[in-house]
Amino acid sequence: QKEVEQNSGPLSVPEGAIASLNCTYSDRGSQSFFWYRQYSGKSPELIMSIYSNGDKEDGRFTAQLNKASQYVSLLIRDSQPSDSATYLCAVNPTGTASKLTFGTGTRLQVTL
Amino acid sequence: GAGVSQSPSNKVTEKGKDVELRCDPISGHTALYWYRQSLGQGLEFLIYFQGNSAPDKSGLPSDRFSAERTGGSVSTLTIQRTQQEDSAVYLCASSLNWNEQFFGPGTRLTVL
């Protein structure tokens, strides 16, 4: 079982819709969770961090964490073509200091 | 302020040669990380420096890989006797606390 799993996609949503990106992780003791956006040919850009169960909102982005289900998601409201990118879920597993384990990413396509 | 910088942006080398990749973290960030990303793959942790503590080298794939961090700032990743499977984008990240990591633009290494 992979430590951090994401559907590779592509996830295609029309402009203005809500994009829902999901991630599951295997280490139940993980405490820190991050979403990065990576445009093709570019490096990852941190867009959200979440540490507690529940929702965290930042502009059009909402991160949701459910530690009991070992599940973290990212919602993008009012999706724009500029949101088209690969979204990487990253988890800080137990006992790994601040090393992050990354999923392989979900490619999002926002269509006009 | 200035973000993480890396040099060179691209490096083409012949199999068997040594290469050095440089990372300059965000000023004041005490933690520095090296990852690599192969085509279509997720990010793979290589090594982590935190302040003056001994580095966490648990992700280095072989003894051909080494890294140092001088004066708690700039880091150099050295790959000796490069192999074709070393071809990847090498990413450096830094963080102020133990969580949010910010990535540099990466060095694309091609081993012929």
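In table form, for the structure just shown:
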item	result
Selection count where residues are part of a strand (DSSP E or B) and among the polar types (S, T, N, Q), scope the stretch B:53-112	8
Test: residue in the stretch A:48-59 that is touching a Gly at 6+ places or on another chain (Cβ under 9 Å), within 13 Å of another protein chain (Cβ to nearest Cβ) and assigned to a strand (DSSP E or B)	no
Residue satisfying all of: in the stretch B:81-99; surrounded by 16 or more Cβ atoms within 10 Å (Cβ to Cβ), out of contact with any Cys (no Cβ under 8 Å at 6 or more places or on another chain) and not hydroxyl-bearing (Ser, Thr, Tyr); nearest to residue A:49 (Cα to Cα) among these	B:99
Single unsatisfied condition, residue A:29 versus (1) touching a strand residue (DSSP E or B) at 6+ places or on another chain (Cβ under 7 Å); (2) in contact (Cβ under 8 Å) with a residue 60 or more places away in the chain	(1)
Filter result (surrounded by 19 or more Cβ atoms within 10 Å (Cβ to Cβ) and either part of a loop (DSSP other than H, G, I, E, B) or without any contact (Cβ under 8 Å) to a residue 12 or more places away in the chain (or both)) within the stretch A:65-83	A:79
Residues of the stretch B:56-72 that turn out to be within 11 Å of chain A (Cβ to nearest Cβ) and surrounded by 18 or more Cβ atoms within 10 Å (Cβ to Cβ), as a count	1
Search result, residues across the stretch B:7-53 that are among the small types (Gly, Ala, Ser), in contact with a strand residue (DSSP E or B) (Cβ under 8 Å, 6 or more places away or on another chain) and without any contact (Cβ under 8 Å) to a residue 24 or more places away in the chain	B:42, B:51
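Residues checked against (1) within 28 Å of residue A:107 (Cβ to Cβ); (2) of a type outside the set (A, V, I, L, M, F, W, C):
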position: B:31; (1), (2): no, no
position: B:38; (1), (2): yes, yes
position: B:49; (1), (2): no, no
position: B:57; (1), (2): no, yes
position: B:70; (1), (2): no, yes
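Values quoted throughout were computed directly from the atomic coordinates according to the rules given, and no laboratory measurement underlies them. These figures come from a predicted structure and were not determined experimentally. All Cβ positions, glycine included, derive from the backbone under ideal geometry; neighbour counts span all protein chains shown.
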